[in-house]
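So the structure is just underneath, and the comments pick up after that.
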Amino acid sequence: VTRIGGHDVVVVGCGIAGMSAAVAAAQSGARVVVIERAPREERGGNTRYTSAFMLMKSESEVSDTMVPRLLECAGGALDPTLMDLAGRPSAEWPAVLRALSFADPETIATLASEAGATIAWLSSFGVRFDLVPPPHQVGAGYLAPRGGGLALIDALAADAEARGVDFLYDTTAMRLLEDEHGGVAGVHCRGRAGESCVVEGGAVVLGSGGFQGNPEMLTRYLGARAIFMRPYAPGGYYDRGEGIEMALAIGAAPAGEYASYHAQAVDPRSRLVGENAMYGITYGIVVDQTGRRFVDEAGGNPDLLPQSATRTVRVRLEALARSIPHQPGGLAYLILDAKAAALPNRGHIFNTDQPPFEAGTIAGLAALLAIPASPLERTVADFNAACVGGAFDPLRPDGLATAGLDVPKSHWARPLDAPLYQAYPIAAANVFTFGGLRTDRLARVIRTSGEPIAGLYAAGELAGLYYKDYTGATSVLRGAVFGRIAGADAAKVARARDAVAAR
Ligand SMILES: Cc1cc2nc3c(=O)[nH]c(=O)nc-3n(C[C@H](O)[C@H](O)[C@H](O)COP(=O)(O)OP(=O)(O)OC[C@H]3O[C@@H](n4cnc5c(N)ncnc54)[C@H](O)[C@@H]3O)c2cc1C
């Protein structure tokens, strides 16, 4: 086995989390090595393909909705006695709370308070940010780096290279190397041909993403229907969950909702790379292959979700997309009529390079889709009869709901009565999985005992933060914030551990 030494900090993964950690550690004076499964030209996982929208109202402040939304989706059935204690400083938390699977208030507060400084830090590498309108045309806008996630990766990697950070491409981290005290001392890796090596270091930062690229883990945690949840972008195939498994294997506590994921509705025929979402799905009706509606296309419960319009729409899209894999064949169809041509921003709300199926009648459309005509005709007739009329407003949840349907539509319900009728096939894409590792506000990985694992950090997708509904436009940001924190703390800890080892 080849042993590679001489580094203080070992970083796994070249996405936003790993690159932020590598640069921050190098800035703190650490000798850093980055292990990356992909070849150099494909490095960067999901980050490479994202527009990297960030839920911020300026370069210095997160949007007002961020903290309330994250807190609202901080876990599943949370024990109120533990939540009472979670309001105190973490130093006073009992072990069970430190290791609990939930998004703790200190971590959420750190994300919000460090976001501005992190944007300023990213800007110092030449990245420029703009405030942009929301991609789905309803709600507040976002902050976004010019050039998207790829610009972040390129800028950070160039800085890391200039600082002498070593990169081992085509190398997959498989297992953690432990020292005799149960701390982490490096990573066992494999090259393309299966050759093994051990990369040693005083601290390891895991930034290797979720498990959306691993069909075995997807089936284990999300069930048999996971075969219908393909990664949203090519970078997702590189994220195969080893970082999560290797940490769990040495006693890390799990966090994040293992059986869930951030979903987008896509046209499965589309060959667009990157942003593929069919945001406009909320304006039509969605039927399964038997011609029946199965979901409120504009659902969610706005009364229970008092936040902004963005939140209610996000929630609808997520729930809608997640319901599709559970239909026959894991597929559904979006049905629109000629009125859809007048929707604003049409080119950005139907992100596909494939034309819709078009027919002058619903029966003709059914024939093109190879679904039975009479159930589809009945579905459309029932839906049309349930549309009560009123003012349609595509730019906000307009309350234009159906009346009397078992499966209602809560907003934007207009009869489908204007030929040409159109249909797009719709599938769910898995942007990233929610299950990961319990980390604290310093991005340290926490053991099931509640103590940090000495020398082990995690940031980005594999740090479990999300439950129920994803708080949109926070994943790149949290990767940068906690990757940067992890890198700086890992540099400090690695030096201290080296000094102890030298004595
Ligand atoms: C098309 C698209 C649009 C998105 N839009 C947004 C958005 O607007 N805003 C937002 O906040 N989020 C968005 N997301 C989500 C966001 O991009 C990701 O969650 C985030 O970038 C993940 O960063 P990461 O560093 O954790 O992982 P990644 O960027 O996936 O990086 C992980 C890296 O680790 C490497 N790796 C994996 N396993 C190993 C291993 N065992 N050994 C070595 N290397 C390994 C991978 O090759 C990869 O380079 C989007 C995602 C996609 C795909």
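Summary of values
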| quantity | calculated |
| --- | --- |
| Candidates ILE426, ILE453, filtered to the one that is more than 14 Å from the ligand (Cβ to nearest atom), within 30 Å of TYR283 (Cα to Cα) and open to solvent by less than 10 Å² (accessible area, probe 1.4 Å) | ILE426 |
| Strands (runs of 3 or more DSSP E) within region 1-67 that include 1 or more residues touching a residue at least 24 places away in the same chain (Cβ under 8 Å) and open to solvent by less than 10 Å² (accessible area, probe 1.4 Å) | 9-12, 32-35 |
| Within region 260-301, considering residues that are of a type in the set (A, V, I, L, M, F, W, C) and surrounded by fewer than 21 Cβ atoms within 10 Å (Cβ to Cβ), the one farthest from ARG378 (Cα to Cα) | VAL273 |
| Pair list, Cβ under 6 Å, 6 or more apart: region 183-212 residue more than 15 Å from ALA501 (Cβ to Cβ) and open to solvent by 30 Å² or more (accessible area, probe 1.4 Å), other residue part of a strand (DSSP E or B) and among the basic types (Lys, Arg) | HIS188/ARG175; SER196/ARG190 |
| Residue list for region 1-46, restricted to those being closer than 15 Å to ARG163 by Cα and of a type in the set (Lys, Arg) | ARG31 |
| Residue in region 443-450 that is among the hydroxyl-bearing types (Ser, Thr, Tyr), away from the ligand (no atom under 16 Å from the Cβ), in contact (Cβ under 8 Å) with a residue 40 or more places away in the chain and over 30 Å from LYS339 (Cβ atoms) present | yes |
| Unmet requirement for VAL10, which otherwise passes all of (1) in contact with a Leu (Cβ under 7 Å, 6 or more places away or on another chain); (2) β-branched (Val, Ile, Thr); (3) closer than 22 Å to GLU451 by Cβ | (1) |
| Restricting region 224-236 to residues that are near the ligand (Cβ under 9 Å from one of its atoms) and in a helix (DSSP H, G or I), the residue that is surrounded by the most Cβ atoms within 10 Å (Cβ to Cβ) | GLY235 |
| Close pairs from region 93-118: first charged (D, E, K, R), partner open to solvent by 20 Å² or more (accessible area, probe 1.4 Å) and in a helix (DSSP H, G or I), Cβ under 6 Å, at least 6 apart | GLU106/SER90 |
| Scope region 391-410; condition open to solvent by less than 60 Å² (accessible area, probe 1.4 Å), out of contact with any Gly (no Cβ under 6 Å at 6 or more places or on another chain) and within 30 Å of GLY141 (Cα to Cα); matching residues | PHE392, ASP393, PRO394, PRO397, ASP398, GLY399, ALA401, THR402, PRO408, LYS409 |
| Filter result for ASP469 (open to solvent by 10 Å² or more (accessible area, probe 1.4 Å), touching a helix residue (DSSP H, G or I) at 6+ places or on another chain (Cβ under 8 Å), more than 10 Å from the ligand (Cβ to nearest atom) and touching a residue at least 24 places away in the same chain (Cβ under 8 Å)) | yes |
| Count of region 279-304 residues which are farther than 16 Å from TRP412 by Cα and either within 16 Å of the ligand (Cβ to nearest atom) or at pLDDT below 95 (or both) | 2 |
| Members of region 69-105 found to be open to solvent by less than 50 Å² (accessible area, probe 1.4 Å) and assigned to a helix (DSSP H, G or I), listed by number | ARG69, LEU70, LEU82, LEU85, ALA86, SER90, ALA95, LEU97, PRO105 |
| Yes/no for LEU477 being within 11 Å of the ligand (Cβ to nearest atom), surrounded by 21 or more Cβ atoms within 10 Å (Cβ to Cβ) and either assigned to a helix (DSSP H, G or I) or at pLDDT below 95 (or both) | yes |
| Qualifying residues in region 456-473 (those that are in a loop (DSSP other than H, G, I, E, B) and of a type in the set (A, V, I, L, M)) - the one nearest to the chain's Cα centre (by Cα) | ALA473 |
| Strands (runs of 3 or more DSSP E) within region 106-220 that include 1 or more residues closer than 28 Å to ILE349 by Cα | 129-132, 142-145 |
| Residue match in region 248-259 (condition: of a type in the set (Gly, Ala, Ser), more than 8 Å from the ligand (Cβ to nearest atom), part of a helix (DSSP H, G or I) and surrounded by fewer than 23 Cβ atoms within 10 Å (Cβ to Cβ)) | yes |
| Residue selected from region 165-185 under the condition under 18 Å from GLY251 (Cα atoms) and of a type in the set (A, V, I, L, M, F, W, C), by the criterion nearest to the ligand (Cβ to nearest atom) | ALA173 |
| Every pair of residues 6+ apart whose Cβ atoms lie under 6 Å, when the first sits in region 340-359 and is of a type in the set (A, V, I, L, M, F, W, C) while the second is in a strand (DSSP E or B) | PHE357/ALA423; ALA359/TYR421 |
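The values are calculated or read from the model by the stated rules, or taken from the named source; none is laboratory data. Computed from a predicted model, the values in this text were never measured in an experiment. Glycine also receives a Cβ, built like all others from the backbone with ideal geometry; neighbour counts cover every protein chain displayed. Areas reflect the complete protein model, heavy atoms only, side chains present, ligands, DNA and RNA absent. Shrake-Rupley method; radii C 1.70, N 1.55, O 1.52, S 1.80 Å.
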